[in-house]
1. So is Val489 open to solvent by less than 70 Å² (accessible area, probe 1.4 Å), part of a strand (DSSP E or B) and among the β-branched types (Val, Ile, Thr) or not?
2. Can you give me the number of residues within the stretch 358-374 that are assigned to a strand (DSSP E or B) and modelled with pLDDT of 85 or more?
3. Identify, by number, the condition in (1) more than 16 Å from Val38 (Cα to Cα); (2) out of contact with any Gly (no Cβ under 9 Å at 6 or more places or on another chain); (3) surrounded by 19 or more Cβ atoms within 10 Å (Cβ to Cβ) that Ile249 doesn't meet.
4. Here is a list of conditions, (1) under 15 Å from Gln540 (Cα atoms); (2) crowded, with 18+ Cβ neighbours inside 10 Å; (3) at pLDDT 85 or above, and Tyr443 meets all of them except one; can you say which number that is?
5. Restrict the check to the stretch 452-462 and report whether at least one residue is under 30 Å from Phe550 (Cβ atoms) and in contact (Cβ under 8 Å) with a residue 12 or more places away in the chain.
6. Go through the stretch 53-66 and report how many residues are surrounded by 17 or more Cβ atoms within 10 Å (Cβ to Cβ) and either aromatic (Phe, Trp, Tyr) or touching a helix residue (DSSP H, G or I) at 6+ places or on another chain (Cβ under 8 Å) (or both).
7. Those residues that are open to solvent by less than 40 Å² (accessible area, probe 1.4 Å) and either out of contact with any Lys or Arg (no Cβ under 8 Å at 6 or more places or on another chain) or at pLDDT 85 or above (or both), I need them from the stretch 535-553; list them, please.
8. Just wondering, is there one or more residues in the stretch 64-73 that are basic (Lys, Arg), touching a residue at least 60 places away in the same chain (Cβ under 8 Å) and touching a Phe, Trp or Tyr at 6+ places or on another chain (Cβ under 9 Å)?
Amino acid sequence: MALETMTTKYKILRGFAAVLIFLFFSTAAVSESYVWTVGAEKFKYSKGQKEDAVTSSIAETIPSEILEKLSNSIKRNVMPDEQYERTAYKLRTERQSLYLQLTSEYKKRDSIVINTISDSKLKAGIKAEEKKIAEIEEKIKKNIEKQKQELNETERRMNYISSGLYLEEQKEKNEIDLYRELFKNIFVKEESYLTEERLAFYQKDVTALFTPSEKASESYDSQLFEKEVYSAGINALITGTISEYEGFISVSVDLYIYPGAKKSGSVMEVGTVSDVDFITSSISRQLLPYLANAMPVEIFVTLEPPEAAAAAGIYIDDVLQKSEDGRFVLDSGIHNIQFVSEGYRTAGTTYFFDGNKKYNINVQFEKRTVGALQIGLRKALDGTLYANSEKALTVEGSIAGEFGERKSQISINGNVILGEFIAENGESAFFYIPKKLNFDGNYVTIKPVPRNRSTYINTRRKWMYGSYTLFMISLIPTFYTYGNYLNQVRLYKDGLADYESARGWQNATNITRIISIGCGVFWGYELVRYLLAADSVLPQNARQGDVTEFKYYTPEEVPVTEDSGVKEDEEIIR
């Protein structure tokens, strides 16, 4: 009995597993078949523009590069009206075919009347043809009725989506609810308002451009052109017009959705002929919202601390926005968001916001550090010091001992500081002041070593390679003398060589060994120097100095000396 129970349970589990596997693969197969194919045709030059081999190449290159910059991970939300156009196209094609069949059957019936002599055959032939005609007419009526139903259903769905009820319904479902519905409605077909399709390229190749026939190329909305595009499996076609003038080009791009020949969007970009990459990148970014057809996005912004939030301004795409609850509704696509509050550091981001989603942005404002920091040279050098692209104010003489260490003063804002010391001969040295040392009234020290880094690294590399070559060459006599020494020792033991010969080879071996060891040490030394030279391109970290050395100066209070090089009109921003 127990065995039968176990067998029954096993069969149930096996059957359940088979159902899950079937559902998984069937779902995967369906989702894989949902692709939205985008293609492009060779762009055209505007009227009056001469087209030669160069311009023809540009007209082919630009659409290919636009496609190349479009990620095939993009998914498109196919709206009910776009789904309807596909269904309507198939129904129209079916009606046209049925109409041709109908006319053919009418002709056959007429030919029976003319060619048939027997009354019985005439009645039977006419009856058979009229039956076929009636069936075809019924199919045409059903076809028309189906399109009317599809149109009414499309209007209902579009109204439902535009009312916002569909979005609210989608937002209320979390992952747990969707997981429950998977088993609750596992055999129930759910009503679909939006279909998500994965972006694919025409002929799976970004360089493959669609070329219509000469008759079809007259108009993008002609039936012949639509037929050729649809037959090629293209859902969206990128077309463009190029205008060139004095080394600058203007590219206007239109996106057509098929079937239906609906112009989904138009974008334009201007640039130089030599910078096609900039133009195609910009056009690709502008086309993304049209390609994705994403729903609007909701952004919820939370600002901290409260005192910063009270005076904060939110700029979206350089436009100041107002919101009482921190909620913003934007079109999907790339947006630049900046958060500004007086006395705090500006924060912001540039992000591609995918449609039909919520985004929570939490901003923690940091107080802007305002003040001055002084940098001292541990070794006095003549030159100019820059920090964050700002020339520092020299507050001590350039000759060590006259006013103590040479010091420079810079304004700070709380950011890390990357600076550069440029000597009088043009050689430079970089330094870095971390955030923990970057506060008002601090004093740090650096020991710059200005030099031409490229020349210095190349010199050290040559010395390293030279010492390595010398070390390898020194091993040749070492191995040679050591081999002969071992051979002489063996011969001496066998009584075939004298003691002095063996001793001579031993001394030669010791000498060559010492030389090889010296060459090896020299190579190791040069290797370390080369690595240090390669490391010297990194900025030197500043050290914490004696804070009591800090003394704030205004430009008028700077002690100017003959060698200090400080000008009276130098200013410091505080």
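1. In short, no.
2. Looking only at that region, the number is 6.
3. (2)
4. (1)
5. No, the stretch 452-462 contains no residue that is under 30 Å from Phe550 (Cβ atoms) and in contact (Cβ under 8 Å) with a residue 12 or more places away in the chain.
6. 4
7. Across the stretch 535-553, the qualifying residues are Ala542, Gly545, Tyr553.
8. No; the residues of the stretch 64-73 include none that is basic (Lys, Arg), touching a residue at least 60 places away in the same chain (Cβ under 8 Å) and touching a Phe, Trp or Tyr at 6+ places or on another chain (Cβ under 9 Å).
The values are calculated or read from the model by the stated rules, or taken from the named source; none is laboratory data. Computed from a prediction, not measured in an experiment: that's the story for all the values here. Methodologically, a virtual Cβ is constructed for each residue, glycine included, from the backbone with ideal geometry; neighbour enumeration extends over all protein chains shown. Note: accessible area is taken over every heavy atom of the protein model, side chains too, but ligands, DNA and RNA are not part of it. Shrake-Rupley method; radii C 1.70, N 1.55, O 1.52, S 1.80 Å.
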